[in-house]
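All of the numbers you see were taken from the coordinates with simple rules; none came from a lab. This is a predicted model, so every value here is computed, not measured. Neighbour counts are summed over all protein chains in view; Cβ atoms, including those assigned to glycine, are modelled from backbone coordinates with ideal geometry.
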Amino acid sequence: MNRGWWYSKRSIAWLRGDPESISFIKQIMKLLEIQGIRILLPRQEEFIDADILVLPKRNSPEEKFFERAVSSFNGPLISEEDPVKALVYAITYPRKGFKKLIFGIDPGKECGIASIGDTLIVFVSKVDCNMVGSTIRELVKSIPAKTSEVYVGNGHGFIEAVASLSQSDIEYFIVDETGTTGTSSINHVSEIVKDRDIIAGITIALRGAYGVKRINRDFYKEI
């Protein structure tokens, strides 16, 4: 495995075939690949290039199909019901999660959400701004991390977003989102992520985490 940041860049064979996990992994695999995490979806028993395996669900057709190949694999095996946790465990192995998880929220007609584990973008989505709080709460449960922080932009849809976060008892910081739409703070991300709200969510997360144009929540002034 080639060394990336604190985690290793690696190839992960995704042996699960249940619809929930396949839908999830297909949404994120191209974004992961440009960051050094290659997801393999083998259709045969051979996955010789894999560094780590995410095992099929128990008693599934895939478990029987891959049984012989799994038994002869010498690398780490990840068994986890939640597909998001399974992916994070595979990415961060031998640790079981990230050191720090940051969320960036770009409020608008819908809210673009980006989740960054340490240096890796691990999840992106768009939701109704009134559902931001419950969405972030579920992501915090699913993405193992020692600490987490939430940053929200101050644009259109801000009131609905922060009301939802407050209703879910989620602490947040406000970030000046000027110039975030259509730009990305991570090289090559815009080649995969075309949605401007998602790109803004990524930039807001990074601005907040590194203290750039963060806004005082109480006085609503730039500090």
The stretch 2-92: radius of gyration and largest Cα-Cα distance (Dmax), Å: 12.3, 36
Sequence-distant lysines (8 or more away, or on other chains) whose Cα lies within less than 18 Å of Lys141: Lys85, Lys96, Lys99, Lys100
Under 5 Å, built H, 5+ apart or other chain: amide partners of Tyr172: none
Point-charge dipole on Cβ atoms (K/R +1, D/E -1) for the stretch 2-92, about Cα centre, debye to 20: 260
Nearby aspartates and glutamates by direct alpha-carbon distance to Lys126 (threshold 13 angstrom, same-chain neighbours under 8 apart not counted): Asp106, Glu110, Asp195, Asp197
